Amino acid sequence: MDFSLIIPNIIKLLGKYWQLFLIEGVKNTLILTAISVAMGTVLGTVVAMLKMSRFKLVRFLVTLYVEVIRGTPILLQLYVFYFVIPQVLKFLDMPPFMWVAVALCVNSAAYVSEVIRSGIQAVDKGQTEAARSLGLSSGQTMMKIVLPQAVRNILPALGNEFIMMLKETSLASTFFLGDLMTSCLMVKGATYLTLEPMIIVALIYLCMTYPLSKLVEYFEKRMGGAGYRKKKKKNLKEIKAEVQA
């Protein structure tokens with residue numbers, strides 16, 4: 001391999017295939033990531049609440065789901081949702097793109113649920129006991145007291161989950177769904193160049209993930225800083241008055 005030709009080849013590939021990389025590839029990657037993280041966050045929240053249920057059977061089933069998903073490779077899960085589940089649920093006529101998105105959502109939800117559960121459990125139990133002693137219901141205590149305090153711990157971790165999922169969507173190229181890695185494979189097949197398309201895709205991923213990681217770091221500092229801690233908070237009696245109003 002002539003390494004002196006790598007940069008000229010990269011420039012030529014960008015000049016010819018920039019739309020494939022920067023429009024189609026980036027667009028499909030971001031759409032897949034957004035769907036997976038949005039659905040995963042909603043499902044993960046439900047799973048986290050169920051895992052803290054007082055019913056042992058519910059806790060057992062939810063824990064089994066989380067452990068199975070976290071204990072098996074994501075690529076295996078993609079194969080199951082791409083080839084097996086559509087055959088079982090034939091009445092669900094969904095395009096392959098959505099099946100992959102659902103697989104990523106199910107995977108993300110297992111991790112998000114642990115993030116949310118740990119964030120909720122990190123809140124001092126005295127807050128819950130005080131709220132219940134003032135007459136707030138379990139739902140009101142969770143929504144008005146616990147969750148607002150847990151958000152500080154949850155949001156940075158959710159940002160990191162978004163970044164992780166952005167990179168994990170590269171596995172969708174196994175099914176040629178038009179993401180960035182699919183663009184890399186297509187250019188590789190058309191030009192018989194291997195290293196150059198991979199460098200281009202790596203740089204694009206880096207350009208997307210680096211600003212996001214810095215943004216997450218910024219919010220983490222803001223939410224954990226002195227300014228956030230000194231922010232005026234309503235006491236339990238004020239919250240109770242608002243709830244009863």
Matching residues in segment 52-72 - criterion: being of a type in the set (A, V, I, L, M, F, W, C), outside any helix (DSSP H, G or I) and surrounded by fewer than 11 Cβ atoms within 10 Å (Cβ to Cβ): F55
Spans of helices (runs of 4 or more DSSP H) in segment 118-211 with at least 3 residues under 23 Å from G44 (Cα atoms): 138-141, 147-168
Enumeration of residues in segment 69-90 that are of a type in the set (A, V, I, L, M, F, W, C) and free of Cβ contacts under 8 Å to residues at least 12 places away in the same chain: L76, F83, V84, V88, L89
The lone exception for E220 - which of (1) more than 28 Å from G119 (Cβ to Cβ); (2) at pLDDT below 90; (3) not hydrophobic (A, V, I, L, M, F, W, C) it fails: (1)
Residue within segment 21-41 that is more than 29 Å from M143 (Cα to Cα), free of Cβ contacts under 8 Å to residues at least 60 places away in the same chain and surrounded by 17 or more Cβ atoms within 10 Å (Cβ to Cβ) present: no
Yes/no for F176 being under 25 Å from I35 (Cα atoms) and either free of Cβ contacts under 8 Å to residues at least 40 places away in the same chain or in contact with a Gly (Cβ under 8 Å, 6 or more places away or on another chain) (or both): yes
Pairs where the first residue, in segment 52-65, is free of Cβ contacts under 8 Å to residues at least 24 places away in the same chain and farther than 15 Å from V115 by Cα and the second is outside any helix (DSSP H, G or I) and among the polar types (S, T, N, Q), C-beta under 8 Å, 6+ apart: R59/S53
Neighbours by Cβ (under 6 Å, 6+ apart or cross-chain): first from segment 159-171, at positive phi and buried (at least 18 other Cβ atoms within 10 Å of the Cβ); second β-branched (V, I, T) and not in a helix (DSSP H, G or I): none
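The values are calculated or read from the model by the stated rules, or taken from the named source; none is laboratory data. From a predicted model like this one, the values you see are computed outputs, not experimental measurements. Here the Cβ is made from the backbone with ideal geometry for all residues, glycine too, and neighbour counts use every protein chain on show.
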